[in-house]
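The values are calculated or read from the model by the stated rules, or taken from the named source; none is laboratory data. Just so we're clear, the structure is a prediction, and the values are computed from it rather than from any experiment. We place every Cβ from the backbone using ideal geometry, glycine too, and count neighbours over all the protein chains shown.
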Amino acid sequence: MIKYLIVILISSLVSLNITGGYSGDPGEVYAIKLNQDEDVSSHLIIEKDGIRFAIVALPYNKQGGFIKFYDKNIFINNKDFGESRITIKNTSMVNLSPEDSIRASKESKIIRDALQTFSTQYKSNLNFSNPVEGIISSRYGKKRFINESPRSPHLALDIAAPEGTKVIAPEEGKVILVGDFFYSGNYLILDHGYGLLSSYSHLSKINVSMNQLIEKGEKIGEVGSTGRVTGPHLHWSVYLDNTRINPESIIKDNFLESIL
């Protein structure tokens, strides 16, 4: 009986903490109101009507648990994003040879290092545009199966479009990585400032160069099918503080107003 009451008490406290505190869905961003004396200059800060808000990324892999932002705990809800199953006929792109495995590993480190970039040259207001006109072929968060084998979840937005379709910068930024990679094909990363970055995979053509400053709406490349793909599309990832967030959310009308 005592054990039963303890379980009920703990469950009640957790529920109270979730419903009465901070909580959000995985892959989204959360705006935390700051006190005037709180210094969080290492984070993306948005100010509205004289009030400052810290924009915090909610990690996909922390579902059912808490993350800590200074003295505040944020609960990450559990969410079923569904699943995505694709078949890649070129099995050498799935079961890698030793040489390809070494290449992919080296390239993964190059990308990880680039994503550690933190600059203050730009500051986004999270009013992103859609980078390409097309049809969403795979949404953020889906459990991924390749040739029936489970893989890492799909933490990006896939937009299918004809080969050569124009891809634009959804926000101003700076090109911090350009390359031809095993998995991603022709690939680039834009730095939007304060830990906010975006990447573009499988391009048929890249129209920008390293360290180039890019205006919002400027053409950065064209849709392609380079790297490991099943057809032409843009694989678009957005990162905040090295956490992949849902790109589809930040292109919604009045997104910023909806979270403040």
* Considering every residue within the range 175-185, establish whether at least one is surrounded by fewer than 23 Cβ atoms within 10 Å (Cβ to Cβ), in contact with a Pro (Cβ under 7 Å, 6 or more places away or on another chain), touching a residue at least 40 places away in the same chain (Cβ under 8 Å) and within 30 Å of Glu257 (Cα to Cα). => no
* Asked: Is at least one residue of the range 97-107 touching a Leu at 6+ places or on another chain (Cβ under 8 Å) and either surrounded by 14 or more Cβ atoms within 10 Å (Cβ to Cβ) or part of a helix (DSSP H, G or I) (or both)?
  -> yes
* Got a sec? Which of Ile189, Ile220 is modelled with pLDDT of 95 or more and under 25 Å from Ile146 (Cβ atoms)? -> Ile189
* strands (runs of 3 or more DSSP E) contained entirely in the range 21-94, each with at least 3 residues that are outside the structural domain of Leu157 (by TED's automatic domain parsing) and aliphatic (A, V, I, L, M) -> 29-33, 51-57
* Selection within the range 36-87 - among the hydroxyl-bearing types (Ser, Thr, Tyr), under 26 Å from Asn125 (Cα atoms) and surrounded by 15 or more Cβ atoms within 10 Å (Cβ to Cβ) -> Tyr60
* Structure fact -> A careful count of residues in the range 109-144 that are assigned to a helix (DSSP H, G or I) and either free of Cβ contacts under 8 Å to residues at least 12 places away in the same chain or over 28 Å from Glu171 (Cα atoms) (or both) gives 3
* Asked: Taking the range 210-221 only, how many residues are without any contact (Cβ under 8 Å) to a residue 60 or more places away in the chain and more than 11 Å from Tyr187 (Cα to Cα)?
  -> 8
* Filter result (closer than 21 Å to His192 by Cα, touching a helix residue (DSSP H, G or I) at 6+ places or on another chain (Cβ under 8 Å) and either surrounded by fewer than 19 Cβ atoms within 10 Å (Cβ to Cβ) or outside the structural domain of Tyr122 (by TED's automatic domain parsing) (or both)) within the range 140-174 -> none
